[in-house]
Amino acid sequence: MTTLEAHHLVEDVPGPVLSEENRRVATGIVARYPTARSALLPLLYLVQSEVGWVPRQGMREVAEIIGLTTAEVEAVATFYTMLKLHPCGKYVISVCTNPSCSLLGARESYERAKELLGDAAERMTPDGTFTLEEEECLAACDKAPVVAVNYVFYDGVTADRMEELIGQIRGGRVPEAARGAGVPGDLKEVSKVLAGLGSAPVAVREGDGDKGDGVAEEQPAPAPEEEPKTAEPQPEEGAHLPQEGETGGPMGESEAESSPEAAEGGETDG
Ligand code: FES
């Protein structure tokens, strides 16, 4: 069975899958949105954070909480490959096998990983540590071949680097990601972050104190009911404010982004 086929088979477990505590958390998540159905993805990640994947029973419970049908929830859950529809290992290794990565050795990396982890890894290794999957373009083609571990990216992962990476994870020393995201936690922890309950763990680098060994440190989770702050930026005292018709100088990136007219004009000119 290919990874793609496995993804489209929704498996099930007896319910309920959401604990009483997570049902309360779910209510807090729904309250963040103007309409309950907007909480669909965070709630599916909440199920994944509890079960380790998303069984059909989880979809039923999410549907009930936000007033959708199970079929509507399933239609969304089967679209997003980050939602896992079968039991998975603690670490999901996603190997991009699209053209840029394949041309630079992704297929060899994938085959090396399969050799090391066994065929069962395409679902879950017997020790429950790994799931190996092929992934479509991870949008980091200039860093090819790219691999994600629980959705945190590692660049230039050749077959030898893949072997090293698997050894490090097996040894309990998950390396720091290539760019900014720190060290990925296990799939349940990462799913909790994706549900909006906390922030990604960060690596502690050498010289940052006693834990200078790349061990992940959990960051405090924000309160679920916290409202985003949208305070207007205030001009500094004595600052010159452009008047109507006056050119304020070259437009910064943020201004261009916030001005659809300007963005459109730019595209037309190009
Ligand atoms: S082809 Fe692999 S990241 Fe785009």
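The values are calculated or read from the model by the stated rules, or taken from the named source; none is laboratory data. Every value quoted in this text rests on a predicted model; they were computed, and no experiment measured them. Because the Cβ atoms are built from the backbone with ideal geometry, glycine has one as well, and the counts that use them run over all protein chains shown.
Taking region 8-22, which residues are in a helix (DSSP H, G or I), under 22 Å from the mean Cα position of the chain (by Cα) and surrounded by fewer than 18 Cβ atoms within 10 Å (Cβ to Cβ)? If the condition is that a residue be in a helix (DSSP H, G or I), under 22 Å from the mean Cα position of the chain (by Cα) and surrounded by fewer than 18 Cβ atoms within 10 Å (Cβ to Cβ), then no residue fits.
Given the criteria buried (at least 16 other Cβ atoms within 10 Å of the Cβ), more than 9 Å from the ligand (Cβ to nearest atom) and of a type in the set (K, R), does R173 qualify? Outline the logic, then answer.
Numbers: buried (at least 16 other Cβ atoms within 10 Å of the Cβ): no; more than 9 Å from the ligand (Cβ to nearest atom): yes; of a type in the set (K, R): yes.
Considered against the rule, which asks whether it is buried (at least 16 other Cβ atoms within 10 Å of the Cβ), more than 9 Å from the ligand (Cβ to nearest atom) and of a type in the set (K, R), R173 comes out as no.
Scanning region 79-95 for any residue that is small (G, A, S), without any contact (Cβ under 8 Å) to a residue 40 or more places away in the chain and either surrounded by 21 or more Cβ atoms within 10 Å (Cβ to Cβ) or closer than 20 Å to E11 by Cβ (or both) turns up nothing.
With respect to (1) under 30 Å from R23 (Cβ atoms); (2) out of contact with any strand residue (DSSP E or B) (no Cβ under 8 Å at 6 or more places or on another chain); (3) at pLDDT 95 or above, the lone exception for S100 is condition (1).
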